[in-house]
Amino acid sequence: MSETHRYDAALAAEIEARWQDHWERHGTYETPNPSGDLAGDPEVVARPKKFIMDMFPYPSGAGLHVGHPLGYIATDVYARFHRMSGHNVLHALGFDAFGLPAEQYAVQTGTHPRISTEANIRTYRTQLRRLGLGYDPRRSFATIDPDYYRWTQWIFLRIFDSWYDREAGRARPIAELVERFESGEQPTPDGRPWSALSAAERAEVLSDHRLAYASQAPVNWCPGLGTVLANEEVTADGRSERGNFPVFKANLRQWNMRITAYADRLIDDLDSVEWPEAIKRAQRNWIGRSTGARVDFPIDGGGARAGDGDAGGVVTVFTTRQDTLFGATYMVLAPEHPLVGDVVPAAWPEGTAAAWTGGHATPAEAVASYRKQAAAKSEVERQAEAKEKTGVFTGAYATNPVNGERIPVFIADYVLLGYGTGAIMAVPAHDSRDFAFARAFELPMRCVVEPVDGRGTDPAAWDESFNAADARIINSAAPGISLDGLSVPEAKERINAWLSERGAGEGTVNFRLRDWLFSRQRYWGEPFPIVYDEDGVAHALPDEMLPLELPEIDNYAPRTFDPDDADTEPETPLSRKDDWVNVVLDLGDGPKRYRRETNTMPNWAGSCWYQLRYLDPRNDRALVDPEIERYWMGPREGMPTGGVDLYIGGSEHAVLHLLYARFWQKVLFDLGHVSSAEPYHKLFNQGMIQAYVYRDSRGFPVPAAEVEEVGDGDGWMYEGQPVKRELGKIGKSLKNVVSPDEVFAAYGADTLRLYEMAMGPLDVSRPWETRAVVGQFRLLQRIWRNVLDEATGEVAVVEDEPDDTTLRAMHKAIHGVSQDLEQLRFNTAIAKITELNNHVTKVPRVPRAVAETLVLLAAPLAPHIAEELWRRLGHEESVVWAPFPVADQNYVTDETVTCVVQVKGKIRARLEVAPTVSETELEEMALAAPGVREALGGAGIRKVIVRAPKLVNIVPA
Ligand code: ANZ
């Protein structure tokens, strides 16, 4: 104990350490489950639940800086507030611990990634504990724990062992598909009976349906990292998000997750969750649902296979504007489209314009040369709106199915192979890219939609004007079909019907989303619970063989290559451990030789389901007990798809973690393992804490802590040289790291918590200012002094009732702080506490009721000092479980205000009303006032103008 009883850094440190120990010893933050090994107090279980979660951290070697805990403090305040407001609150934190940094560190130092990762986790735990975060310690885990990744592997196997039934709109066990093949209910692809297929053939058929499947396909190969990457991990300019290495398309056999099967539900269920609109939009755009049609165009090019009558003679396009089919005056295939080779004739058709040939002697030469040119560009470059359109004629012609017109077929790089069908019908009159191309190649245009008046002069506005509900189709009639006069939606419908009748296409929905590439050529990830038999058929390990633990190996490094060498192939670290790879196993049909899968799962796997493990962390029979899952996450009023009540994290995970986790949750939901179809009901993105970066004359950052301010605070010096100041991310590379440990030492954790919450609205980025932290420290000192005598340490409150003004100030604060905490407006809540505290400072002797209220209001934000004062005020029970005060509404509203009622501009009544009176209420009161009735004298009323709460103006008829 300090000698004086002044709230200073030493006293804060002593109080904080003492209560942190106390809370730990007493299991203060342990949350009871309704059943199972964490079952607890039924009275607490019976309360409404709140499951409050952070995006869990990756424990990096550098420990926490002051920017990291912003979200953790926010959820902690929210959780404490709800605990005090009568909820059973689940709040826990685990660690997302597989990942590249530990592996790279291992490669450099030879330290096993588990050792460095676990050391980092210990540092994090110490720092988080020092912040006074109220997590249930029994519910923490790391994704690298074999007890945890056992279930990651188990979920992988459930995904592997299921298929998507489109009719039922959900995943089902693959065994049920096998039954359908066996019974003939579902024909095999080549029509043979299921029993006639070999084991390998069956495996191949099933692989086309499994939600986790291995396939040979073009993938993102990053030689510089030695691994393949998911689309979500590749930047718009075709480089790895991590490390910024070039990424190439390579044809490799890899594991994929059939997330595309869920594309519709992933979009539709966004309507059931409370997420920031920007994140919903990012997901919708990433999934990219387009409703349109596929249309078949027969091609007669005279190429190798064209005209044979097989599929080689038909190119299918995807269009969202099938209503403009009559306006298609040429076709474009992506340069890499596999049918290009088939349609190219031996020689240029007679009369081919020189501009179309690119100066080449034959179509084959022209195509080969253009393909090479296109391969050198990234997708973004190819799609750039402003870019001059290039391309070359293939020498082939297609027939427009709707009017029999022959139209030339081009290849051009503005059409991408990976989208739709990789081929388009070009409608230059209504599509600006086609328009630019047609201009460049002097191709005909036909207007088939009448532009809506006043719009449609600028190609940039075409989309709107030619797509408008009042736009009409013109020039679109042929024998047997006419669209003329129809609106755009009507014409689309008519064409869809016509295409289906003729077998020439159909209405369809296209998605931008691709399946999720799920294997990595790394060591530090979950091993796949998959083995291959001698025919190369993949088998699931039986559940009893889980976890399949990562073996110890000598060399953790994935083989990396010259980052620019596309002609390399990945080599996994696990493949070098022969005795692990080649095994004899009994999978139920006797011992046989198998080869293990040597890829590992991507670092996203562990975070796809961790919300479920907090619920029932030690269950070794199931990933979560169904009753416990339903209790914490099941659907309820206002939450039709269930989920976590509040999830706080950064917005950078919009289409990565947040999309993958939703997908896994939905598969588990379909298979009946969970009752919630969405993992996270309410999502909130916190802003970033930035810090000043100081740069020298060469632009290099200098250590921010050693910079001195000069002049009027608008100049800065480092080692005698002037430096420039800007705001930036906190990090080692910018030399502006502020460690929470420094703040703990100077003021304590309660001050740090208050400061971070007071900096501004939670979702806004804000600059860290070490100098400003003391402001919150002073608030705590004043609260302390209002409760205790600093000289004696004795409680200084009196047992008198507060006077009326104090009661009003108190109840107003209770009311405002409760609302603010509920709405995550922590900064304004602190302002209200400050206001009440200032009021109390002016009261000569502080009544106990106000002092206690002040402590309770501050408890979620500054739990240590609150706990200490609460105890000194004589309470035996922890403040953590004390009821949050409830405002008496009688004191919340200001007494009354005077409302003037006028009739024809003359004052006829004065009413004393509540300031919150509603307009209708006020109108009724005004009309009922005797003076008003007299003035009206039975005349009707023409108009009543109400300006609540102060004025009503009545105009008689
Ligand atoms: C004819 C047409 C007329 C089109 C018109 C648009 C406007 P979203 O909405 O993004 O799905 N398209 C189709 N596949 C393509 C590919 N692989 N590469 C480049 N462009 C492609 O866009 C669908 C539209 O983009 C399709 O509709 C097609 O052009 C083009 F007035 O067909 B449209």
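Every number in this text was worked out from the coordinates using simple rules, so none of it is lab data. None of these values were measured; they are calculated from a predicted model. Cβ sites come from the backbone with ideal geometry, for glycine too, and all protein chains shown count toward neighbours.
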Value of [θ]222 nm, deg cm²/dmol, for the chain, DSSP H segments ≥ 4, -39500 (n - 2.57) each, nearest 500
-9500 deg cm²/dmol
Report the normalised scattering of the range 752-839 as log10 I(q)/I(0) at q = 0.19, 0.22 Å⁻¹, calculated by the Debye formula with identical scatterers on the alpha carbons.
-0.97, -1.14
Sequence-distant lysines (8 or more away, or on other chains) whose Cα lies within less than 27 Å of Lys249:
Lys372, Lys377, Lys387, Lys389
Rounded to one decimal in nm, the spacing of the 7 Å Cα→Cβ label points at Glu708 and Arg180 is 7.8
Full-stretch length increase - Glu934, Glu719 - with 0.36 nm per residue and alpha-carbon distance subtracted:
69.0 nm
When the Kirkwood radius is taken over all Cα pairs of the range 538-601, what Stokes-Einstein diffusion coefficient follows at 20 °C and 1.002 mPa s, in µm²/s?
154
Using alpha carbon centers only, the range 622-663 is separated from the range 391-414 by a whole-angstrom value of 49
If Lys and Arg each add +1 and Asp and Glu each add -1, what is the summed charge of the other residues whose beta carbon sits under 13 Å from the beta carbon of Gly713?
-3
FRET efficiency estimate (nearest 0.05) - Cβ-Cβ, Glu627 to Ala200, R0 45 angstrom:
0.60
Suppose each label sits 7 Å from its Cα in the direction of the beta carbon; what would the Arg872-Ile907 distance come out to in nanometres?
5.3
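What do you get for trypsin sites (Lys or Arg not before Pro) in the range 99-179 restricted to DSSP loop and a cutoff of at most 10 other Cβ within 10 Å of the site's Cβ?
Qualifying residues, ordered by number: Arg166.
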Which of the listed residues, Ala429, Ser733, Ala334, is farthest toward the dipole's positive end in the chain, when Lys, Arg count +1 and Asp, Glu count -1 at the beta-carbon?
Ala429
Distance violations [Cα-Cα > 26 Å] among Lys577/Lys732; Lys49/Lys666; Lys906/Lys943; Lys50/Lys729; Lys724/Lys832
Lys577/Lys732; Lys50/Lys729; Lys724/Lys832
Radius of gyration and maximum dimension Dmax of the range 140-257, Cα, Å:
18.4, 52
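Say R0 is 25 Å: what FRET efficiency, to the nearest 0.05, do Glu924 and Asp888 get from their beta-carbon distance?
After rounding to 0.05, the efficiency reads 0.40.
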With unit charges on the beta carbons (Lys and Arg positive, Asp and Glu negative) and the dipole taken about the Cα centre of the chain, which residue among Ser878, Val774, Tyr614 sits farthest to the positive side?
Val774
DSSP loop (so not H, G, I, E, B), at most 10 other Cβ within 10 Å: list which trypsin sites (Lys or Arg not before Pro) in the range 809-883 pass both filters.
Arg845
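Using 0.36 nm per residue of separation minus the Cα-Cα distance, give me the extension gain between Thr109 and Met545 in nm, one decimal.
Numbers: separation 436, 0.36 × 436 = 156.96 nm, distance 3.23 nm.
Once the chain is fully extended between Thr109 and Met545, it gains 153.7 nm.
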Expressed as a fraction of 2.2 N^0.38 Å, the rule-of-thumb size for a compact globular protein of N residues, what is the C-alpha radius of gyration of the chain?
1.16
Given Cβ point charges of +1 (Lys, Arg) and -1 (Asp, Glu) and nothing else, what value in debye, to the nearest 20, does the dipole of the chain about its Cα centre take?
1760
Which parts of the range 431-452 would a label at Asp470 reach, counting a residue when its backbone N lies under 18 Å from a point 7 Å out along Cα-to-Cβ?
449-452
Measuring from its Cα centre, the range 565-620 shows a charge dipole (+1 at each Lys and Arg Cβ, -1 at each Asp and Glu Cβ) which, in debye to the nearest 20, is 280
Using all C-alpha to C-alpha distances in the range 692-825, build P(r) with 5 Å bins and read off the rounded percent in each one.
2, 8, 12, 14, 16, 14, 10, 7, 7, 5, 3, 1, 0, 0
Pseudo-spin-label distance Arg698 to Thr792, built 7 Å along Cα→Cβ, given in nm, is 6.5
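State, as an integer percentage, the relative contact order of the chain based on alpha-carbon contacts under 8 Å between residues 6 or more apart. It would help to have the intermediate numbers written out before the result.
On the way: 1818 pairs, mean separation 129.5, N = 957.
Reported as a whole number, the value is 14 percent.
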Report the calculated FRET efficiency for Ala831 and Thr896 (r = Cβ-Cβ distance, R0 = 41 Å), to the nearest 0.05.
0.95
Segment Gln216-Asn555, length gained on full extension (0.36 nm per residue, minus Cα span):
119.3 nm
Give the aspartates and glutamates whose C-alpha is closer than 20 Å to that of Lys950, dropping any in the same chain fewer than 8 places away, or say none.
Asp894, Glu895, Glu912, Glu919, Glu921, Glu923, Glu924
